[in-house]
1. Looking at segment 14-21, can you tell me whether even one residue there is buried (at least 21 other Cβ atoms within 10 Å of the Cβ), of a type in the set (D, E, K, R), out of contact with any strand residue (DSSP E or B) (no Cβ under 7 Å at 6 or more places or on another chain) and not in a strand (DSSP E or B)?
2. Considering segment 37-46 alone, what residues qualify as being out of contact with any Leu (no Cβ under 9 Å at 6 or more places or on another chain) and either closer than 24 Å to R117 by Cβ or assigned to a loop (DSSP other than H, G, I, E, B) (or both)?
3. State all residues of segment 55-83 that are more than 12 Å from A5 (Cα to Cα), open to solvent by less than 40 Å² (accessible area, probe 1.4 Å) and not in a helix (DSSP H, G or I); if no residue qualifies, say none.
4. So which residues in segment 174-204 are outside any strand (DSSP E or B) and farther than 16 Å from E163 by Cβ, if there are any at all?
5. Checking the condition more than 18 Å from L42 (Cβ to Cβ), surrounded by fewer than 18 Cβ atoms within 10 Å (Cβ to Cβ), of a type outside the set (K, R) and within 17 Å of the chain's Cα centre (by Cα), which residue from G151, G193 passes?
6. Can you report the number of residues in segment 103-148 which are assigned to a strand (DSSP E or B), touching a helix residue (DSSP H, G or I) at 6+ places or on another chain (Cβ under 6 Å) and either among the hydrophobic types (A, V, I, L, M, F, W, C) or open to solvent by 30 Å² or more (accessible area, probe 1.4 Å) (or both)?
7. Can you tell me how many residues within segment 22-36 are closer than 15 Å to T107 by Cβ, in contact with a strand residue (DSSP E or B) (Cβ under 8 Å, 6 or more places away or on another chain) and not in a helix (DSSP H, G or I)?
8. State which residue is surrounded by the fewest Cβ atoms within 10 Å (Cβ to Cβ) when the search covers only segment 154-167 and only residues that are under 17 Å from the mean Cα position of the chain (by Cα) and not charged (D, E, K, R).
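The values are calculated or read from the model by the stated rules, or taken from the named source; none is laboratory data. Computed from a predicted model, the values in this text were never measured in an experiment. Every residue, glycine among them, receives a Cβ derived from its backbone with ideal geometry; neighbour counts consider all protein chains shown. Accessible surface areas use protein heavy atoms only, side chains included; no ligands, DNA or RNA. Shrake-Rupley method; radii C 1.70, N 1.55, O 1.52, S 1.80 Å.
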Amino acid sequence: MPKPAAFWNDRFARDEYVYGEAPNQFVASAAETWLPDAAEVLTLGAGEGRNAVHLARQGHAVTAVDYAAEGLRKTHRLAKKAGVAVETMQADVRSWAPPQTWDAVGTTFLHLPPDERPPLYRLIQDSLRPGGLLIAEWFRPEQRTEGYTSGGPPDVDMMVTDEELRDHFAESGIEHLEIAEPMLDEGMHEGPGATVRFVWRRPA
């Protein structure tokens, strides 16, 4: 099961940024490749805001959603340090109804149990305007089964496969789907990892 908000509030209450201040490498590179200028972007499971702040620094209008108030507090702190603005919303993605749509959604390592992932995938698609982009990275099962130590939930059932993504997102919208083995340098996510990287465009 996902950790409760109290767990993440306790984790994020420390001064240092648990997963670092730099953005996820894939989000940064994919955004540069695929996002239009001055896009409106939603970051889901935004944590302490490293991806949200990076995207705001690139000139995008960013909304960060997370259910940990401490994470959103640090998002504002990081945004102030970077000289940008990020809108925040405190919400649980498992029950949140998006009030609008965006040009893009970004999410990294937002791991839910198998029965809760299809609603997450629907939420993502409902949050995108026609032609809008999803940029995402998750750990895949090999992160557990092959003994990687760079982070992620302990339960292999929480991991995401490329086959699962193909099952829940229209094949015609897939811009990029990669089985990756990145060298992670993201605070507690450090070292080789087994991930799936995904860019999907909502059909117009």
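1. Within segment 14-21, not a single residue is buried (at least 21 other Cβ atoms within 10 Å of the Cβ), of a type in the set (D, E, K, R), out of contact with any strand residue (DSSP E or B) (no Cβ under 7 Å at 6 or more places or on another chain) and not in a strand (DSSP E or B).
2. D37, A38
3. H60, V62, T63, A64, V65
4. Initially, segment 174-204 is screened for residues outside any strand (DSSP E or B), giving 181-182, 187-188, 193-194, 202-204.
Selection gives E181, P182, G187, M188, G193, R202, P203, A204.
5. Working: G193 fails: surrounded by fewer than 18 Cβ atoms within 10 Å (Cβ to Cβ).
Exactly one residue qualifies, and that residue is G151.
6. 4
7. 2
8. T161
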